[in-house]
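No value in this document is a laboratory result; all are computed from the given coordinates. Every value quoted in this text rests on a predicted model; they were computed, and no experiment measured them. Heads up, the Cβs are rebuilt from the backbone with ideal geometry, glycines too, and the neighbour counts pull from every protein chain shown.
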Amino acid sequence: MGFVPIRKEGKLPSATERESYVLEYGTAAIEVHVDAIQRGASVLLVDDLVATGGTLVAAVSLIRRLGGKVAECAVVIELPGLHGREKLEKLGCGVFSLAVFEGD
């Protein structure tokens, strides 16, 4: 398997599976193609940022719904004061961060 995009709602061209999540100011949704992940596939979930964890938690849900197994979450930046890592770890997902910025 190669690269599988998980995008904001309405950005992917084929049939998709959708997951909503809560933002500070409302809700949003992400989508993945329904045939993008093979059942039992091990997936490395990569994102630029983990803050509250909403987007990554929604992505984990989509991957699992399609039968994939999240091996690890890798992010460029982590904002630990917003507790996204804890939400992912409660789901059994490890988190690797390149840079961690403390503060509020």
ask   = Hey, got the dipole for the chain? About the Cα centre, +1 on K and R Cβ, -1 on D and E Cβ, debye to the nearest 20?
value = 460 debye
query = Most fluctuating residue of G26, G94, G40 in a GNM of the chain with Cα springs under 10 Å: which is it?
reply = G26
Counted charge near G68, where neighbours are those whose Cβ lies closer than 14 Å (Asp, Glu -1; Lys, Arg +1) = 0
task = Would you indicate which of (1) 1.05; (2) 1.30; (3) 1.56 is the value of Cα Rg over 2.2 N^0.38 Å derived from the coordinates of this structure?
result = (1)
task = Could you pull out every one of the lysines with an alpha carbon less than 19 Å from that of K87, ignoring same-chain neighbours closer than 8 positions?
result = K69
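Among 72-78, 95-101, 51-57, 33-39, how do they line up from the highest to the lowest mean number of other beta-carbon atoms within 10 Å?
Ranking the peptides 72-78, 95-101, 51-57, 33-39 by packing returns 51-57, 72-78, 33-39, 95-101.
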Degrees separating the helix 54-65 axis from the principal Cα axis of the chain, which is the longest one = 30 degrees
query = By a straight-distance test (C-alpha under 18 Å), which aspartates and glutamates pair with K90 as possible cross-link partners, with residues fewer than eight away in the same chain excluded?
reply = E72, E78
ask   = Contour minus end-to-end for V34 and V4, with contour as 0.36 nm per residue of separation and end-to-end as the Cα-Cα distance?
value = 9.7 nm
note = Residues meeting the amide H criterion for V70 (H placed from the backbone, H to H distance under 5 Å, 5 or more places apart or on another chain) are V43
message = Show me, for the range 89-99, the HN-Hα J-couplings you get by feeding each phi into the Karplus relation (A = 6.51, B = -1.76, C = 1.60, θ = phi - 60°), rounded to Hz, glycine and proline as x.
response = 5, 5, 8, x, 9, x, 10, 10, 10, 6, 9
task = Taking H placed 1.01 Å from N in the peptide plane, check which residues at least 5 places from S97 or on another chain put their amide H under 5 Å from its amide H.
result = V75
